[in-house]
Amino acid sequence: MLKYDSYYFQCPNCHAWLEGRDLKAEMVNQSILYSDGKVLNDNLITTPQKMLMCPSCGHVFWIEHPVEPLITYEKPEAEVYSWNTWRFFGISFSNNKGKLALINHYKTILKKSHYEPKNEIYLRRFLWWAYNDLHRNHQHVRLKYLLNGFMSFGVWHENRKMILEGEKLFLKNIKDFNDNLKRLLALLEKHPEEQIDLEVPEIYRELRQFDKAKELLDQMGSRTHFTNEMLRHSKWKDSRVFMVTG
Ligand SMILES: [Zn+2]
């Protein structure tokens, strides 16, 4: 069964055709949710990519409203650039070098121009997630994970090495990480309509302002698994991104 619906759109500069993909709604239940709001399905992020670089001419543009007539669900006759050629700027995440390349990409884009708040929030949120990718799934380094039998020793060992190295890279870049989060927080507090779920208390937690995170979570009327987990991690003074469900 196909998990995605393909759609097609053109680069506004060179008119090359590109393929985009929409995750089918029924697949969302099988996704993994992380505390920073990133959702993965089959290792692929479910949040649509709004800014991209044309794989044909290098033009950077936004696809804000992927609806007809700007896009079509019918495959055009012309040559089409596949989703993989432009998704995350064609960067591969299978190693830390790729993860750092994506971070630098967002940083360069942010420096290049002044963006309206909605777009700057989008870029800073993706930069935040890209930093967290360096040590996402940190729980996998534990021996418990190997003993659960999810991975062979070789795969577990290699993966562990990558995450521990990623953690070091994350800490090396902690100042930039914090600066980005502070700017994102200021934008989100000014534009509450752009906030996603528990993003604001999570940002305080990741900035190690645990009391503020707890205060915001306590103000919420109903308790969910997500709020309970975030409270638990705040109590432990643990600021690392964690898996909520999956
Ligand atoms: Zn182009």
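Nearest 10 degrees, 0 to 90: what angle lies between the long axis of helix 153-172 and the longest principal axis of the chain (Cα atoms)?
It is inclined by approximately 90 degrees.
Quick check: with the 1.4 Å probe, what order do 143, 127 take by accessible area, largest first?
The most accessible residue leads, giving 143, 127.
Round to the nearest 10 and give me the degree value, 0 to 90, for the angle of helix 117-133's Cα axis relative to the longest principal axis of the chain.
60 degrees
Considering only the other residues whose Cβ falls under 13 Å of the Cβ of residue 139, what net charge follows from Lys and Arg at +1 and Asp and Glu at -1?
+2
Can you tell me the dipole magnitude for the stretch 108-212 around its Cα centre, using point charges on the Cβ only (Lys, Arg +1; Asp, Glu -1), in Debye to the nearest 20?
Here the stretch 108-212 has a charge dipole of around 420 debye.
On a 1.4 Å probe surface of the protein chains, which of 140, 15 comes out largest in accessible area, and what is the full order?
Correct descending sequence by accessible area is 15, 140.
About the Cα centre of the chain, how large is the charge dipole given +1 on each Lys and Arg Cβ and -1 on each Asp and Glu Cβ? Please answer in debye to the nearest 20.
Charge dipole, the chain, about its Cα centre: 1240 debye, nearest 20.
Express the relative contact order of the chain as a whole percentage, based on alpha carbon pairs under 8 Å and six or more residues apart in sequence.
20 percent
How do 223, 21, 136 rank by accessible surface area computed with a 1.4 Å probe, from largest to smallest?
223, 21, 136
What relative contact order, as a whole-number percentage, does the stretch 55-159 give when Cα pairs under 8 Å and 6 or more residues apart are counted?
17 percent
Using a 1.4 Å probe, what is the accessible area per residue for the chain, in Å²?
Heavy-atom SASA per residue in the chain reads 55 Å².
Keeping all protein chains in position, work out how much accessible area residue 243 exposes to a 1.4 Å probe, and write it in Å² to the nearest 10.
Looks like 60 Å² after rounding.
For Cα pairs less than 8 Å apart in space and 6+ apart in sequence, what is the mean separation divided by the residue count of the stretch 181-246, i.e. the relative contact order in percent?
Once normalised by length, the contact order is 29 percent.
Kirkwood Rh over alpha-carbon pairs of the stretch 75-117, then Stokes-Einstein at 4 °C and 1.567 mPa s: what D in µm² s⁻¹, rounded to an integer?
Result for D is 104 µm²/s.
Tell me what the chain gives for mean residue ellipticity at 222 nm when only DSSP H runs of n ≥ 4 count, each as -39,500 (n - 2.57), the sum divided by the residue total, rounded to 500 deg cm²/dmol.
Helices in the chain give a 222 nm mean residue ellipticity of -14000 deg cm²/dmol.
Which shape class, rounded, prolate or oblate, goes with the stretch 65-196 when its Cα gyration tensor gives a ≥ b ≥ c as root eigenvalues, a/c under 1.5 marks rounded, and past that a/b bigger than b/c marks prolate?
Note, shape of the stretch 65-196 comes out oblate.
Where the accessible area of the stretch 1-140 is counted over protein heavy atoms with a 1.4 Å probe, how much of it, in %, is carbon and sulfur?
Ligands and nucleic acids excluded, carbon and sulfur reach 51 percent.
With +1 on each Lys and Arg Cβ and -1 on each Asp and Glu Cβ, and nothing else charged, work out how big the dipole of the stretch 46-159 is about its Cα centre, in Debye to the nearest 20.
That gives the stretch 46-159 a dipole magnitude of about 700 debye.
What number in nm² do you get for the chain if you take the convex hull of its Cα atoms and divide its surface by four?
Mean projected area for the chain: 15.2 nm², to one decimal.
Note down, for the stretch 150-246, the three equivalent ellipsoid semi-axes (square root of 5 times each alpha carbon gyration tensor eigenvalue), biggest first, whole angstrom.
Over the Cα atoms of the stretch 150-246, the ellipsoid semi-axes are 28, 18, 12 Å.
The values are calculated or read from the model by the stated rules, or taken from the named source; none is laboratory data. If you're wondering where the values come from, they're calculated on a predicted model, not measured in any experiment. With ideal geometry, Cβ positions are generated from the backbone for all residues, glycine too; neighbour counts draw on all protein chains shown. The protein model used for the area step is the full one, side chains on, heavy atoms only, and it has no ligands, DNA or RNA in it. Shrake-Rupley method; radii C 1.70, N 1.55, O 1.52, S 1.80 Å.
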